[in-house]
Amino acid sequence: LMKAQEWKFLTPVKGYSIIKSLEVTPNQTLYIVDKDKAASSSRDGGITWRKLFRSGCLDIQMLNDNVGFVLKDYQVFKTTDAFATSTPYPVSGDFLKNMYFVNESVGFVCGSTGVIYKTTNGGVSFTSVSLSINTTLNDVFFINPNIGFVSGENGTLYKTTNQGATWIPTPLNTTGIDKILFINDNEGYITGNNGGIFKTTDQGNSWTALTTNTQYRLFDIKYNAGKLYAVGQDNRLLKSSDMGQTWTQQRLIDAFPYNSLYSIGFVNGNILVGGDANIYKSTNGTNWTIQVPGIYQSNLKNISFGNDDKGVIVGNQTGYSVVYYTENGGYNWTNKKATFTLDAFKGAHIRENGKGVLIGNGNHSFTSDFGKTWDNSNIINHPTFVSPYWLKSNGDVLLGTASPY
């Protein structure tokens with residue numbers, strides 16, 4: 001969402017948004033990539049956002065406050081000024097998924113069909129160091145310019161000690177590996193399907209399966225202040241204070257729908273988790289809030305403001321409809337009305353005096369406080385499929401209808 005007269009990207013949350021990658025730089029700037037392949041950054045902990053790329057983004061990595069990379073379809077973009085500007089470099093591989101840069105010069109990208117590409121000049125050129133096996137590679141991580149790992153959807157981890165010239169497979173008891181993390185040269189962790197977390201203390205020569213007591217797929221794992229955090233399906237967060245020997249788990253928001261969680265970051269003393277259509281925040285890892293409370297994944301269909309600050313947005317998605325309200329010009333939104341009926345809400349009109357109407361298929365509601373509260377939905381003459389509508393200054397409502405057929 002953006003606000004006139006100067007346009008500001010207020011939130012990355014929108015229909016079908018899934019926060020897939022989340023990076024935090026030392027100066028506490030937050031970078032994200034969502035499933036719609038858009039990349040954004042925030043300097044205020046996620047209150048306002050700057051759109052970096054609108055499409056095509058697959059992964060993002062920041063080496064410091066200024067130097068970073070974005071992986072796009074067939075390209076790697078490098079920045080040295082926090083994406084005020086960036087330079088594109090071509091990558092010839094198909095179906096790329098992830099990247100990892102050891103430093104400003106040496107980096108690797110991987111993807112489907114076992115493809116791996118290496119650069120030693122900061123992305124200016126890439127050479128193939130691909131696997132001989134046809135499998136989707138979900139992640140890549142290097143301890144140093146020579147020793148690194150790629151994870152396969154086939155449940156196999158591959159290690160190189162010579163910058164990708166050769167790869168050594170290590171089959172694990174899982175059907176897929178999603179994320180690789182090393183906290184030092186020897187100790188590392190990987191997550192995958194069926195609640196799988198594996199640990200190594202000998203630089204990946206051997207791996208031990210840890211007991212997590214969950215069967216949900218885990219998409220990310222991070223280490224911070226002596227604790228391990230892993231997130232995955234069913235809105236699950238796993239925590240360990242003893243380097244993986246024991247784990248506790250919780251849902252961040254224990255209310256339906258139980259949206260999946262995909263990425264973890266740490267900014268300004270807060271723990272951030274990126275998930276389906278929202279970013280979750282905690283100061284202690286136990287109590288959680290969400291960046292945009294009350295958000296359901298939805299296509300935002302209609303917007304109406306009664307003044308510069310107060311207004312509503314109407315959204316719908318398969319199985320439900322929602323109405324969001326703001327009283328500070330769109331910087332914060334709250335869910336004021338939701339129903340699990342398709343197209344129950346299709347549009348709203350708010351006037352300068354605060355009166356408004358909310359319409360949908362066979363339903364309408366009224367507000368007198370700019371959309372902060374709504375009366376109960378009323379049946380007009382079901383089934384009535386509202387098309388155009390208008391709220392006159394005297395309070396009369398004009399509705400046009402369309403055939404449901």
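The values are calculated or read from the model by the stated rules, or taken from the named source; none is laboratory data. Fair warning: this is a prediction, and the values are worked out from it, not measured in the lab. Here the Cβ positions follow ideal geometry from the backbone for every residue, glycine too, while neighbour counts run over all protein chains shown.
Brief remarks on what is shown
- Top-ranked residue of the stretch 233-263 - restricted to ones that are of a type in the set (Gly, Ala, Ser) and at pLDDT 95 or above, ranked as nearest to residue 139 (Cα to Cα): 244
- Filter result for residue 162 (under 22 Å from residue 200 (Cα atoms) and in a loop (DSSP other than H, G, I, E, B)): yes
- Sole exception among (1) over 25 Å from the mean Cα position of the chain (by Cα); (2) within 23 Å of residue 221 (Cα to Cα); (3) at pLDDT below 95 for residue 147, by number: (3)
- The selection criterion, being part of a loop (DSSP other than H, G, I, E, B), over 16 Å from the mean Cα position of the chain (by Cα), among the β-branched types (Val, Ile, Thr) and farther than 27 Å from residue 150 by Cα, does not hold for residue 214.
- Scanning the stretch 230-249 for any residue that is in contact (Cβ under 8 Å) with a residue 12 or more places away in the chain, farther than 20 Å from residue 160 by Cβ and aromatic (Phe, Trp, Tyr) turns up at least one such residue.
- From 220, 178, residue being at pLDDT below 95, part of a strand (DSSP E or B) and crowded, with 18+ Cβ neighbours inside 10 Å: 178
- Scanning the stretch 270-284 for residues that are polar (S, T, N, Q) and either closer than 15 Å to residue 29 by Cα or surrounded by fewer than 23 Cβ atoms within 10 Å (Cβ to Cβ) (or both) yields 270, 282, 283, 284.
- Test: residue in the stretch 95-108 that is in contact with a Ser or Thr (Cβ under 7 Å, 6 or more places away or on another chain), buried (at least 23 other Cβ atoms within 10 Å of the Cβ) and assigned by TED's automatic domain parsing to the domain that holds residue 66: yes
- The stretch 49-73, residues that are at pLDDT below 90 and within 17 Å of residue 125 (Cβ to Cβ): none
- First in the stretch 120-147 and free of Cβ contacts under 8 Å to residues at least 12 places away in the same chain, second anywhere and surrounded by 18 or more Cβ atoms within 10 Å (Cβ to Cβ), Cβ under 6 Å, 6 or more apart: 127/118
- Strands (runs of 3 or more DSSP E) (entirely within the stretch 19-92) containing at least 3 residues that are not polar (S, T, N, Q): 19-24, 30-34, 50-53, 57-62, 68-72, 75-79, 87-90
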